Every structure is written in C-alpha cells, then in structure tokens.
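Beneath this line is the structure, given in structure tokens, with notes to follow.
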C-alpha cells in the first residue's frame, strides 16, 4: 500500500516537471497555433545558462533561474523574429518543419560549442533534504516540493497574466483572430514577441529546475521531456493553461505506474501510445472544447 | 501533364542511360576499382534515394507531414533480416516480406491516424516511430538494444540499382495518373478534393501504404548491406534526415528528392568527422529553405525530357507548369 | 418528384444554433435561391447537404435516397456538386488538371494499370483529357489549360470552379455566391451562363447570392434564412413583398 | 523520329541480361596487390573511436590514452625504425557509422585498427576488418560476441581485445556479494540498451545464485533515462541486501543518488562502466559510500608502471586517467609490440603476432591472448569511500 502512495508521489514530482515545460508549450500553441518544437531545447539552453551562472559566477539557484529566464526570453524573441515570423502566413507544415529545424539547430549548436559531454551542477547547489514518513516507507524530498510549488505558482502567474493584464488580453485577442486583432489596433508583432518571451522564460525556469533536480544536463536533454510535455499539453487540451498542468500530472503518474507495476522499458512507448489515442478519440484534450472547421 | 501514349523514344533513351550507368558501376565494383568506402556511400546514396522518393509521395505529393518514415524502414529492415538470418529464407523472400510488413504497418497506422490533420498527424507519426523503436529495443529475439547481428551482406549493386529504378518508376507512374492527381488534390485542398468525389482518406492511406512499402524496401537493403541493425539507427534523426532531403529537393518533385538525396549523402560523407556541423548545417538549410523557398529547390517541377525539349526551344513541346509563386 | 428535400435539419456549434429545423424541397429542374443576412446559416445548409458537416438531427433525401451524414465524396458521386464562397481551387495545379480530378471518381483504369502503364491506362487518360477539354471549351477556358489555376484572373477562377463542379456530372449544382466580387457586366454574363448550363446539362440548381438583382432575375423560387431558421419561401415576387423578409434585412425599422 | 519497337524490346532484354550477367560478375573478386611502402614511411594506424554520441567520454579518454602511447613510442624511435602515424575518426557511438569509419580508415591504408570501444560498434566494424585482412583491436568491448561468433563458436580471425570479459567481472561481483558482503537477496537494475550490462547481469545472477543467493528483482532502464524513482521504489519494497547496477556512469550515478534519497541504504554494486570522474559529480560523494564496482585498473594502484602512466597522463590532459584511457594506452602498445614482433606491416602477419601475445605487460595488468583472442588478465574491485576509489582486492582469473 505504501508502495502505491510512494509511486503516486513519484508520479506527481515527475509530473510537475512535465507540467512546468508544458505550460510554455501550451501557451505558445494557444496563441499562435504553432507547435514550438524547439521549446524543449530552449529549456536545455536555460539549464545551461543556469549551470554557468552557478558554476562560473557562483550565484545561487534563484538568481541563476532569473538569468536563465532573461536569456531565454531574449532567445525566444530572436527565434520568433528570425525563423517563425517570416512564415506566419505560410502553411502550417512549413512552420512545423521550421520549428523542427530550430530545435535541431539549438541541440547541435550547443554540442558544437560546448561538447556533447554531460555536466553536473556543483554538489550542494541545492540544499537537499529528505522527509521520511511511516517508518521510512514514504519519502518526500524538498526538491519535489520545490518543483511542485514552482509549477503551481508559475501556472497561477501565467493564468493571471493571460486573464487580467493588458498584454494578456492582447494575447487572447490574437489567439481568437489575428487579423481582427490587428484591425482593432493591437500590435500583433509585439504581442507574439511577448508570448514567446514569456513561454521561453517559463522553459528556462523549467530547465534550471530539471538541471537542479537531476543534477545533470546535456545538449540533448530537452528532446524527451519536450516531447512528453507536448503530450501532457495535448492531454490537457492544447492552449489551456490549467489543462497543461493536469496533463503533466497525468503523464507523470502514468509513467510512475507503468514503471512501478509494469516495465519501465515501455514507459516512453506508453506515453506516445496515449498521445496517439488521445489525438484519435479526443483531439481537443480532456479540457478542450470541440470547434468545427470553417469551410 | 501525362503523355497519352507510350513514348518509345523517351523509353529507349532512358533504358540505354540506365543500362550504361548500371554497367559502368557494375564493372567498377566487380573489378574493385572503387574501394569499400566509396561503395558504402554509393549504397547509402541508393538507399537514401528510395527513402526520399517514397517519403515524397506522402509528404510532397499528398501533403501529409510524416515524421515516422524511419519507423517503416525499421519494420522492413527487421522483417527482412529475421527472414534471412533467423528463418533461413532467401534474400528475395526476405526483402519481399520486409516490404509487405512495412506496407501493412503503413496501412494499420494510416487508417486511424490519417483522420488527424497537419501538425497532429506529424506528432502522431513521430510517436509511432518512437513506439516501433522501443518495441524493437525490448524484443530479445531480434537482439534488443544491441541489435540484430550477423546479417549476411546480400545487397548487391544489382539489387540496389533495380530497387532504386523500380521505386522511382512506380512512384512516378502513380503520381502521373489519376490516382496521383487524387493524392495531389488532397494536398492542394482537402475539402475541395473530397467534394469533387475524391475519397481523401483512401488516398492518404494509399500514399502511406505505398510510401511505407518502399521505406521497408530501403530498410531490407540497408540491413543486408551493413551487417547489423540496431533500434537506435532508426530513430527520429533518421526520419529527420529523410525529411530534409524531401524538403530541400522540393515537396512534390521526384527529381528534386533524388538530387537532394544525392547531394546530402555526399555532403554527409564529407562532413563525416564533424557530425555536429552537419546537423547544424542541415537545420539551417531547413529553416532557410522554408523561409525563402518553402516549395524546395525544385518546387514541384520535374526534370524530364520535356524540360530538355523546352531548353532546346522545341516548339512542339508543351509548356511546362509554371512555378507557383 | 423532388430532386432534393431536407427535413428539419438542425446543426449547432458549441451551443449556438447555426441551422434550426430547416426544411426545403427542390423539384427536378428547378432553380432555387437561398438568401438571408450575413451569418444566417446559408453556407452551413450547403455544408450539411454536401456532407461537410453532419447534421445534429433531420434528414436529407436526394433522388429518393437518404444521404444524411454520408461522406462528401459519396454525396458527390450521387450527383451533387458545388462551388465555394471563397474559391477553393487546386492552386498549384494547371487548369486542366483541376478539371481532371473531377473525373477521378469514374477513373476507367486500375492502379496497377497505371503503375505498369498498361494500354488501359493510356486509353483512360485520353478519355479523361478529352472530357476535360470539352468542359473547358464550354466555360471558355480551353486556351488557358496549361496555366496554373492560381494565376487566372478572379472571374476565370470562378468559371473554372463551376467547370470543375460540372465535370463531376451532377444533377444538382450548388453555387455559393457565384457573383461575389464581380462587376455588373460580369454578373450579367454569369446570369446568362447559369441559364445556359441549366438547359444544356439538364441541371437542378441551388444558389446562395447576395446580389438581389441576380437572384430575382434568375431564381424560380427563393428560401429566406434568418438566424438559422427559414422565415419565408416563395416566388421572387412574393419574397420581395414579405414583411418578415424586409424586417430581417432592414432590422427593426419596418416593424 | 520513329523508333522500331522491336529494337527497344531487344535493348530492354539486353539490359536484363546484363543485370543477370552482372550478378555473376560480382562474385568473382580479384585480389588487389598492395605495394609495400618504402621503409621510411610512417606506419598508419586507424583510430575508430566514439568522440560524439552516447559514450563520447569513453571514446575521448581512450583516444587520449592511445595518442599518448603512440607519441611515447615515436619519441623512443618508433617501431622497426618507422614512425607511427595515427588517424583519428569519430564513429558517433553508432554501429553503422563504425562500419563506415572503418571503411574510410581502410581506404587510407592503415595497417591496424584500434576501436571502436563498445561491442555493438565493434560488431559493425568487424566485417570491414575481416574483408580487408586488417586486425582490429577493441580496447573495451567486454561482451562475448566481440571476438567470438556466438552461433558457430569460432574465433573471429582479425578481432582482438585488451579488456577482460563480462562473464568474468559479473561473476566476480556475484561472488563478492555473496562471500564478502554476505548478501542473501540481490536486486538487479540494468541498462537494457547495452549488451554489456545485460552480459554482466547474467554473469552476476549465475554466480550469485550458485552461492545460494536469490535474485528478488530484475529491472531495466534505457540509456538517457533520468528518473528511476518508480523502479527504485519497486526494488526497495523487495528489501534486497545488495543492488547490482550494471550500466554506464551517466545513469548509474543518478541511480545511486535517487536510491539513497528513497532510503535504499544497502550496498550498490557495478561494473567498469561506473568508472568516471563524473560519477562523483553526478551522485555526490555521500550517496556513493557503500558502493563497489569491478574495474580494469585503478589509478590508485602503486605498481610503478601505473604510477608512471598516471603521472604522464595527468601532465598531458590535466585529469586522472580512467580505465578507458588505460585500455587505450595498452591497446596502442600492444599493436606496436605486435608490429615489432611481426617485423612487417602486413595485416595477416600482425594478426598472427597479436594472437601469439604472451606475458604482455601493460598498465591494466600482464596478460596473454587465449585462443579466443581474449586477454587472460586480472581485475580490481574498488569501493567508493567519500568520493575516492579504494582498491579492495585484485583478482586473478
């Protein structure tokens, strides 16, 4: 019985990480309808910025995260301006292929510049503490709590930005109808830049947390979590912020249960199978609403 | 535009050209005038052409973005290799089984997933590719992660050459027929196609199945040239490699796919010692192509006898498609 | 006998009724207009009839056969063809290839013959090509056959769309705002063309149009939609004088 | 222009005939004569190593060891009066790429190949070496099929290795767990994406159960995994006395860390894949206390040859050499030694000299080649104590 609860805890902590990444994913998709494949790789860049801030500048985790968020916000805006903006009016396939291109560019440029070696955060970067319950049967670490709290806090913040701020209102307008928003005097370019800046900053925060959590980072670290987070975003209904959070938890718990009671070797396969099933039977996700295609 | 009659002149020229190419390389290989390294690249080139041309049917002509082509390739490779290595069948039967297995997989995957549109389809096929990889990874019978070893090297130049020619001819003949036009109409405007009586799902599945069949062929040839196949060889990066060829060459141009496959194979061999540079270059090429020339280098134009006639200023030659701007 | 009848068609999107209890009957050889203010649900009715949308309830009977909820390609094969409000040509294809696709549903050879280039393939292709050229000639587009569809001027694109629909050999032709964006001269030509087609091809025609002059001149009967409901039907004369129609078009003023 | 249809058909038939004829032609291969190089020209040796991809750090360290050895040999006057020229190429940790690289090195007329490191890639490169009659020395391919064809049981003529085999080190650990650590119940958590780890797990299981122990759990993970908590939770509930974790340090480091977090305090055991300076960085010194692994050598060894090697390596590369650097270093000396003994750069003669190796002394021990081209050599058993490697025993086969 304790094992089951421990597995649920494992799932929630893994799920918070997916949720963190999925938030940015879902936001960018919701507003400009682009699967930003590079999101996981922006997360990786964030992790590296955080790593160098800690390892070279010797700052703590929180300032490192701020640096990473600023750097990646800028990176996100640059990527959008250079690669995605010219394609805003072309086919979705062209935009998707470009996003894949950007993703690989970030991965391999990082390998080129920084070697493919795995790096580890200096020991003691994060003062670790374990809490044991029920005669050591249940374990919770402060890292788990940190990630969970961060994910919830960022979700609330994001929800607030989108629902209650000026820029959030512009974002929602752009997501409804880009042309109409433009006609209503909304600066669409600026809004999209902000979207990318916020989404990428979220990715960077996630990256630093993943780095601290697992203590290791490498140039290809963004691929699998990025894909999993995408699955999470789809499960929750892509474009819906609380949905991404829930999707993340669903994925995390699912994986924990597959590893705990089945075989961890099929964990990734199960994740993708769920994705395909969701896409087939409820493509709008658990929280999504159906909308018909306009003819 | 399709010719109304079989053009014997063109057929003769094609046959002679192909026969010459075949014989020259056959001679060079048999006499060992080109060494192992160039042979490997020659075979890789042929396999890449099959992959690019077959993916082009799905991505380029039918307009369905598939990121799982390496998955179909691996199904073909494993099936063919198991048939020859474990079950003792002949190479021809192995290759045939590989093609069929891949085509069947294309059909099975195609029917449900093709209800999805655009980027969702892309993600679903990517997921499919990963699932196939994980499954092979966990089957001990085919060697698990370390792969199936000890596959005899049965892919000869003849096999490869004939396979490439058959792939190109079959796909070109499909594309230049009413069935191919139905596929293209799906790409151009799915709603309109459906309303003009084209069963779009059927043609998407057709493209997927035929594309998968030839990917399986490429897989079988690959397995029987490189002695060993591992699940990792058929990951997302290989799907991506093939996609780059198709995108660069022109979505919807078989000639373009061939030229790009050749160019990128040679480039990749040249950048052997700088794998990161190769990938950085690929990704930049992909982004720039999409921004400045989303239809690819060749667009949907084909290099054919008609093109030559036009270059010569042949007055009888019909006007070739002008490029979409 | 009715060529097409719809019975109590309903369709809503996310709780918003686009079409409500819409019933209509079109006799063989009639030329019917469907009018209504913007957003009244006219195009939705077309999408329901041609199978793009599946109705929430109600049924559609065509030539005595229930085609409710059938796929668009199937409905096309039964003899309904349409054009679109916003032109939907196969832009990357030549004019003649746009037309050839319409013949695909009757393709006279197998896929295998195409792959092996058997004689039946060449025979079939010449049959398709000859037919395609015939339709282009009728629509006066034959000299543009090798041009890209997207490179045609607007009026010709409209004509090509009609040609493409005709080439599927329909008994019911549905035109969605065929005169949109045309000048009065072009509209007049179009009116004549529609008449001519109706007679030559023995067609039943259903059209949506905002150009009242065209509708009143051309249509034998008119249905009026407002907020998804049919509010009136009758001859052009009756519609012109119907107070509910005037109210729908002009708002509260009359009421 | 009118063309006679019969002529076309004739041509097509001729084409088909040429294809069929070609099939026959391919079988008749002619031997190309290699002209012997003039004596003063350097001897070319190809390094087919993993400089990128999954096991990049092994390849890089191994290359460092090889390069250092050849530089020393050249400084001492070379082999048979000729300098050694090494050509380094990256096989990207991929089997097909390893084939390709081997072919490219052969094209550059190398007389021997060193690498690749991991067994899968060695299997990829083997056919090229065999076809061209060039010996291949695998510094770290510890899985059985690297030198022996599993189906026929025959030794692969041109393939040699300088490391011990998986059954040896896995069995060693199984005995150690049962005898010294007094374990009754063991759990196995292995990297199923490598033959190496699977081989180790198999050998461990056999020797441990032979000593009366039971295996309470057998779980797997895949290279690149980062989260092992669910699997570890499962293992924890089986309450094993030891957990055997064959795999490579990137993952095993994380496993050690997460196992300790979950409250698994029993000894963790591993193989030579654990050996890396990064292991401590990833897991932290504290988590690694109470862990043991088998290895080819230890830099802490006070054998003068080892001390000298460690000093020279530290001077050249600023880090402590790991086992892969040591194996690379030994492989390079082994190849040079064989060329010297063969007195020739002919592949077949070098191969024969390699097979006849007896009492070769390297930093990873003194060994002779057995009939399967495997060195018969000792292993060390290392315990991690506060982040430092401490040699517990040195075991002869």
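The values are calculated or read from the model by the stated rules, or taken from the named source; none is laboratory data. Keep in mind it's a predicted model, so treat the numbers as computed, not measured. Cβ atoms come from the backbone with ideal geometry, glycine included; neighbour counts cover every protein chain shown.
Some observations on this one:
- Screening the stretch D:314-334 for residues that are more than 16 Å from the chain's Cα centre (by Cα) and assigned to a helix (DSSP H, G or I) and picking the one that is surrounded by the most Cβ atoms within 10 Å (Cβ to Cβ) gives D:333.
- Positions within the stretch B:207-231 being farther than 11 Å from residue B:102 by Cβ and surrounded by fewer than 24 Cβ atoms within 10 Å (Cβ to Cβ), in sequence order: B:225, B:227
- Residue among D:218, D:151, D:157 that alone is assigned to a loop (DSSP other than H, G, I, E, B) and either in contact with a helix residue (DSSP H, G or I) (Cβ under 7 Å, 6 or more places away or on another chain) or within 14 Å of chain A (Cβ to nearest Cβ) (or both): D:157
- Residues (assigned to a loop (DSSP other than H, G, I, E, B) and out of contact with any strand residue (DSSP E or B) (no Cβ under 6 Å at 6 or more places or on another chain)) located in the stretch B:100-148: B:114, B:115, B:116, B:117, B:138, B:139, B:143
- Qualifying residue in the stretch C:64-79 (condition: more than 7 Å from chain B (Cβ to nearest Cβ), surrounded by fewer than 22 Cβ atoms within 10 Å (Cβ to Cβ) and assigned to a strand (DSSP E or B)): yes
- Taking (1) farther than 23 Å from residue B:298 by Cβ; (2) modelled with pLDDT of 95 or more; (3) in contact with a helix residue (DSSP H, G or I) (Cβ under 6 Å, 6 or more places away or on another chain) in turn, residue B:162 satisfies each apart from (3).
- Take the conditions (1) in a loop (DSSP other than H, G, I, E, B); (2) within 14 Å of chain A (Cβ to nearest Cβ); (3) under 23 Å from the mean Cα position of the chain (by Cα); residue D:300 misses just one of them, which is (2).
- Within the stretch D:194-214, the presence of a residue that is within 13 Å of chain A (Cβ to nearest Cβ), more than 25 Å from residue D:147 (Cα to Cα) and in contact with a helix residue (DSSP H, G or I) (Cβ under 6 Å, 6 or more places away or on another chain) is excluded.
- Single residue of the stretch B:15-55 satisfying the filter (part of a loop (DSSP other than H, G, I, E, B) and in contact with a helix residue (DSSP H, G or I) (Cβ under 7 Å, 6 or more places away or on another chain)) that is surrounded by the fewest Cβ atoms within 10 Å (Cβ to Cβ): B:34
- So residue C:26, is it farther than 12 Å from residue C:60 by Cβ, assigned to a strand (DSSP E or B), at pLDDT 90 or above and assigned by TED's automatic domain parsing to the domain that holds residue C:62: no
- So residue B:12, is it at the interface with another protein chain (Cβ under 8 Å from one of its Cβ atoms), in a helix (DSSP H, G or I) and over 14 Å from the mean Cα position of the chain (by Cα): yes
- Annotation note: of A:78, A:102, the sole residue that is surrounded by fewer than 20 Cβ atoms within 10 Å (Cβ to Cβ) and assigned to a helix (DSSP H, G or I) is A:78.
- Of the residues screened, residue C:124 is not one that is at pLDDT below 90 and assigned to a helix (DSSP H, G or I).
- Verdict on residue C:224 being in a helix (DSSP H, G or I) and either surrounded by 20 or more Cβ atoms within 10 Å (Cβ to Cβ) or in contact (Cβ under 8 Å) with a residue 24 or more places away in the chain (or both): no
- Count - residues of the stretch D:237-248 that are surrounded by 22 or more Cβ atoms within 10 Å (Cβ to Cβ) and either facing chain A (nearest Cβ under 8 Å) or touching a strand residue (DSSP E or B) at 6+ places or on another chain (Cβ under 6 Å) (or both): 7
- Any hit, the stretch A:52-75, residues being more than 8 Å from chain B (Cβ to nearest Cβ), surrounded by fewer than 24 Cβ atoms within 10 Å (Cβ to Cβ), closer than 28 Å to residue D:56 by Cβ and touching a strand residue (DSSP E or B) at 6+ places or on another chain (Cβ under 9 Å): yes
- Filter result for the condition that a residue is without any contact (Cβ under 8 Å) to a residue 40 or more places away in the chain and over 23 Å from residue D:117 (Cβ atoms), over D:318, D:257: D:257
- Conditions (1) assigned by TED's automatic domain parsing to the domain that holds residue D:62; (2) touching a residue at least 24 places away in the same chain (Cβ under 8 Å); (3) in a helix (DSSP H, G or I): number failed by residue D:140: (3)
- For the stretch C:179-191, the criterion of being in contact with a strand residue (DSSP E or B) (Cβ under 8 Å, 6 or more places away or on another chain) and either within 30 Å of residue C:12 (Cβ to Cβ) or surrounded by 15 or more Cβ atoms within 10 Å (Cβ to Cβ) (or both) is met by none of the residues.
- Pick from the stretch B:84-114, criterion within 12 Å of another protein chain (Cβ to nearest Cβ) and touching a helix residue (DSSP H, G or I) at 6+ places or on another chain (Cβ under 7 Å), ranking: surrounded by the most Cβ atoms within 10 Å (Cβ to Cβ): B:109
- Selection status of residue A:91, within 23 Å of residue A:216 (Cα to Cα), within 14 Å of chain B (Cβ to nearest Cβ), surrounded by fewer than 24 Cβ atoms within 10 Å (Cβ to Cβ) and touching a helix residue (DSSP H, G or I) at 6+ places or on another chain (Cβ under 9 Å): no
- Residue C:56 meets each of the listed conditions (1) touching a residue at least 60 places away in the same chain (Cβ under 8 Å); (2) more than 20 Å from residue B:196 (Cβ to Cβ); (3) within 14 Å of another protein chain (Cβ to nearest Cβ) apart from (1).
- Residues (surrounded by fewer than 24 Cβ atoms within 10 Å (Cβ to Cβ) and within 14 Å of chain D (Cβ to nearest Cβ)) located in the stretch B:233-259: B:235, B:236, B:237, B:238, B:241
- Residue in the stretch C:234-248 that is touching a strand residue (DSSP E or B) at 6+ places or on another chain (Cβ under 6 Å), assigned to a helix (DSSP H, G or I) and exposed (fewer than 15 other Cβ atoms within 10 Å of the Cβ) present: yes
- Selection status of residue D:340, within 22 Å of residue D:126 (Cα to Cα), more than 22 Å from the chain's Cα centre (by Cα) and assigned by TED's automatic domain parsing to the domain that holds residue D:80: no
- Single condition residue B:146 does not satisfy, out of (1) more than 17 Å from residue B:242 (Cβ to Cβ); (2) surrounded by fewer than 24 Cβ atoms within 10 Å (Cβ to Cβ): (2)
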